[in-house]
1. Using a Cα-Cα cut-off of under 18 Å, which lysines could be cross-linked to Lys186, ignoring same-chain neighbours fewer than 8 residues away?
2. Counting heavy atoms of the protein chains only and a 1.4 Å probe, report the per residue accessible area for segment 16-116 as a whole number of Å².
3. Could you compute how much accessible surface Arg52 exposes when probed at 1.4 Å, giving the result in Å² to the nearest 10?
4. Keeping all protein chains in place and using 1.4 angstrom, which order do His6, His214 fall into by accessible surface area, from largest down?
5. What FRET efficiency would be calculated for the residue pair Asp83, Glu150, taking the C-beta separation as r and a Förster radius of 35 Å, to the nearest 0.05?
6. Ordering Met197, Met77 by accessible area with a probe of 1.4 Å, largest first, what comes out?
7. If packing is taken as the mean number of other Cβ atoms within 10 Å per residue, what is the order of 16-26, 230-240, 41-51, highest first?
8. How high is the FRET efficiency between Tyr91 and Arg245 when r is their beta carbon distance and R₀ equals 45 Å, given to the nearest 0.05?
Amino acid sequence: MDQLLHHLRHLGFTEMESKIMVELARQGSASGYEVAKRLGVSRSNVYATLQRLEQRGFLRCSPGEPAKYSVLKPEEMTRMISDQMRTSLDYVQSSMPKSEPEKPVFYNVEGDKNVFENLSRELAEAQHEIVVDVWREEAELLRNDLQQAEARGVRLLWSCDGGEGMLDQPVPWPGLPMYGTGNGRKFSLVVDRRWCMLGMRGESCATQALVTEHPVMTGLLLNHFAQELVLYELEQDMGEELESRYGHRYEELSARYWSSPSGEVDQS
């Protein structure tokens, strides 16, 4: 009984209205006097409530002396409430003033749960394209979301690192540590060339990510992704020649730009 009254109040009925409707449903029909006597409340309150419920359409009143009230069948009542709520919800949705909330240009997300919840929401709303640059561990965690997006017709572009190719983990700028060495695995995603996330995850570091819709960041990530794929295609086509001429991971080539002042590539 308490649960039923709780849910009726949750649907917008007062405590007195809820008790009267339950009592009438139990009895089938009753006069205002009978309802007041069973509930142990004043007749004036009961009569006022009965009239209000009748005007709202939830009670029927039979002619006679005394007049007797009956409540709608449960399926009729719930259908009426559902229709009224749907009408109100539609009106609120269409009539509520709309203003775009101010969003931070960049914001941080921390922790596995928060990062992947953010990703799942954006991937579920993707309409055209998802660009994914992740390691295998993160690819497995995102597989279902990405498969669902692909099934909706979203174009999916993958780059999945495993640490095995010549292009994995390029030589860093002098003085900067190499990512992926004790600092975790980097990952990035760009959704519809509008929203992007760039983050780090691994056993030795807390999961953190930067989220933004700033066009400069999305452009940088897309350019980086395109360059990786072009280099990958070159590696597949000319791998042995590239390695024999420039060395593993192209250190000789990168040394032209990233060498320390002494002329040696800084591997710190």
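1. Lys113
2. Working: 7030 Å² over 101 residues.
Accessible surface, normalised per residue, equals 70 Å².
3. For Arg52, the solvent-accessible surface is approximately 90 Å².
4. Numbers: His6 90, His214 60 Å².
Greatest to least solvent exposure: His6, His214.
5. Values: r = 38 Å, r/R0 = 1.10.
Taking R0 as 35 Å, the efficiency between Asp83 and Glu150 is 0.35.
6. Numbers: Met197 0, Met77 25 Å².
Result, largest first: Met77, Met197.
7. Numbers: 16-26: 19.1, 230-240: 11.7, 41-51: 15.8.
Packing proxy ranking, top to bottom: 16-26, 41-51, 230-240.
8. Details: r = 71 Å, r/R0 = 1.57.
Efficiency at R0 = 45 Å is approximately 0.05.
The values are calculated or read from the model by the stated rules, or taken from the named source; none is laboratory data. No experiment lies behind these values; they were computed from the predicted model shown. Here the Cβ is made from the backbone with ideal geometry for all residues, glycine too, and neighbour counts use every protein chain on show. When the accessible area is computed, the model is the full protein with side chains, heavy atoms only, and any ligands, DNA or RNA have been set aside. Shrake-Rupley method; radii C 1.70, N 1.55, O 1.52, S 1.80 Å.
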